[in-house]
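Student: I'd like to ask some things about the structure below.
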Amino acid sequence: MGTYVKTTIGSHQVTLGDQPIIFDLPTDIFNTNHYLLTRGMGVTAKRGKANLFIFAGGTAVASGAQFFQTAKMDSRAGMLFTDVPLSPNLHFLSKTVISRKLTSIQALDWHPRRWLRTGIAAGVGSNKPYFSATSDMERDWLSLKAGYISAGSQFRRVTAPSVYASELDRENILAVMKLSSGAVLTLGHQNFLQPQGTDAAAPYLRATVNQAQGSFDVAQFRLGAGIFQSHTTVSGNLAEAFSAARRITNSVDFGVSYFRTLSSPIPPVSNLSASIRETFSPKLSLLQIVNYSQGRTNVLFGGSYVTNRFVVSVDYQTLYMPFLVNPFSQGIGISLRVRLFRSMHVNVQTFRSADGRLRYTASGDSLLTTKFRAVGSNGEDPFKHLRYMVRGHVQDQAGRPIAGAAIRIGEQLVFTNADGKFFVRRNKAGTLALEVVLTEFLNSAPFQLVSAPPTVKVDPEAATPDVEIVLDRK
């Protein structure tokens, strides 16, 4: 059980209870959405140009997964985060956490051009030195991210155990080139630090990963190939991957993939799989996979079915995990979400975490709004006389609706209901800015933005298009 209360007192926003706190730095260009779970009281304020966040309470140890996060108190903590705009293109940031160990990191975030972002950060994390300098260039044909990070095996942003809190270290570069309308080339060299279980005192595991991948379209086929090299403190791997996919009809997709280790501590491992996915309607699709590996053949079945009452999907994926002796890890992904009544849901899901383990979660949730009325229940609309509106929905990459997402349309903040839908009524037509405000979500699960339009049009209700926003469940 947990609680979360948010209100406004004067010009200050006050939060009380269980809340995730984002701990991103401007140099986090490779992996964003670092967060920690807390219990306590937070105050967001503005002093002159400076934006302040002050927290008093404690860090918490998380359990649960995609749909639901629970926590238990870990250690007392106080926090002070500041963001000071020095100019329209330059910000100074400071993040300090006082707990069992001290974290104090200062950073500069500079946007000299619309397509160029640079950052530098330095300080200590859990009493260990930290430094990072990065540059991120985003052009129409090239995405280039480069940086150097000095973290070390004992560095932690906050001394709170988590199997998900991976970090980057040393030199890192990732380039994605769009050579033509259908050809994409990806080259990368990265150094990862991965926690060993939930022991915050245990040093990180270190891995270096080099990759070269390419994909292109030929005669209505989507072809792909890649080679991966990884090295850890205990093993090293060299592996290759090939894929081909084609839409046979408007409703049938066919794909073939091949994975093979070329060099590893164990005998070479290969895997060949073929899949057929047939979409019967927007609600129903079926999946069949034939998998051949190490002399064994398996036939797997899956698919998805979506209704207003429940959503169920069964899928399979192959992941490259450098910390495993056999880096190609195959797993099943099962997701079930059932609406019992109004906005009360029951959820079951599996997922594979960065340590290679298949994890399970089951939960129930309901979303309440003003006067504790369940979202989605019938009630009088006080704005029904306004003729113009914006409407839309928020979903994850699998098409599942996300309840409790915070969307700012113009100056108005709205939240999605149990079906992931939102709307705003206005008294005249026009164009408004749209922003997905991750820090304001009523849904406690962590997300990151995949796609959303920067602006929306306010149209007459009968002609209002449906705006789609896609998020990724972390």
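Quick note: the coordinates plus some simple rules give every number you see, no bench work behind them. Since the model is a prediction, treat every value here as computed from it, not as a measurement. Virtual Cβ from ideal backbone geometry, glycine too; neighbours counted across all protein chains shown.
Student: Multiply the residue gap between Ala183 and Leu300 by 0.36 nm, knock off their C-alpha separation, and tell me the result in nm, one decimal place. Spell out each step's value before the answer.
Tutor: Details: separation 117, 0.36 × 117 = 42.12 nm, distance 3.11 nm.
Extra length from Ala183 to Leu300 when fully extended: 39.0 nm.
Student: What does the highest-first list of 283-291, 168-176 look like by mean Cβ count within 10 Å?
Tutor: Numbers: 283-291: 15.8, 168-176: 17.7.
Ranking the peptides 283-291, 168-176 by packing returns 168-176, 283-291.
Student: Where in segment 402-446 does the label zone of Glu461 land, with the point 7 angstrom along Cα→C-beta and an amide N cut-off under 16 Å?
Tutor: 422-429
Student: Another one. Measure off 7 Å from each Cα along the Cα-to-Cβ vector at Glu468 and Ala56, then give the distance between these two points in nanometres to one decimal.
Tutor: 4.8 nm
Student: What chymotrypsin sites (Phe, Trp or Tyr not before Pro) in segment 278-312 are in a loop by DSSP, with at most 15 other Cβ atoms within 10 Å of the Cβ?
Tutor: Taking segment 278-312 and a limit of 15 other Cβ atoms within 10 Å, the loop chymotrypsin sites (Phe, Trp or Tyr not before Pro) found are Phe280.
Student: About the Cα centre, and with charges only on the beta carbon of Lys, Arg (+1) and Asp, Glu (-1), how big is the dipole of the chain? Nearest 20 debye, please.
Tutor: On the way: 49 positive and 32 negative charges, 151 e Å.
Dipole of the chain, to the nearest 20 debye: 720 debye.
Student: Put +1 on the Cβ of every Lys and Arg and -1 on every Asp and Glu Cβ in the chain; which of Met73, Ala175, Leu223 then has its Cα farthest towards the positive end of the dipole?
Tutor: Met73
Student: Pop the C-beta distance of Ala433 and Arg47 into the FRET formula with R0 = 25 Å and round what comes out to the nearest 0.05.
Tutor: 0.45
Student: Measuring from a point 7 Å past the Cα of Val338 along Cα-to-C-beta, which residues in segment 278-308 have an amide N at less than 17 Å?
Tutor: Within reach of a label on Val338: 305-308.
Student: If you stretched the chain out fully between Ile173 and Leu116, how much longer would it get, using 0.36 nm times the residue separation minus the C-alpha to C-alpha distance?
Tutor: Values: separation 57, 0.36 × 57 = 20.52 nm, distance 1.52 nm.
Stretched fully, the Ile173-Leu116 segment lengthens by 19.0 nm.
Student: Under 8 Å for C-alpha pairs, at least 6 residues apart: give me the relative contact order for the chain, rounded to a whole percent.
Tutor: 7 percent.
Student: Pull out the extension gain between Glu440 and Ser215, defined as 0.36 nm times the separation in residues minus the alpha carbon to alpha carbon distance; nm, one decimal. Before the final figure, lay out the partial values.
Tutor: Working: separation 225, 0.36 × 225 = 81.00 nm, distance 3.76 nm.
Extending this stretch completely gives an extra 77.2 nm.
Student: Please find the FRET efficiency linking His231 to Ser270, where r is the Cβ-Cβ separation and R0 is fixed at 25 Å, and quote it to the nearest 0.05.
Tutor: 0.75
Student: Using the Karplus equation 6.51 cos²θ - 1.76 cosθ + 1.60 (θ = phi - 60°), what ³J(HN,Hα) coupling, rounded to whole Hz, does each residue of segment 19-28 give in order, writing x for Gly and Pro?
Tutor: For segment 19-28, the Karplus-derived couplings read 8, x, 10, 6, 10, 9, 10, x, 8, 7 Hz, x marking Gly and Pro.
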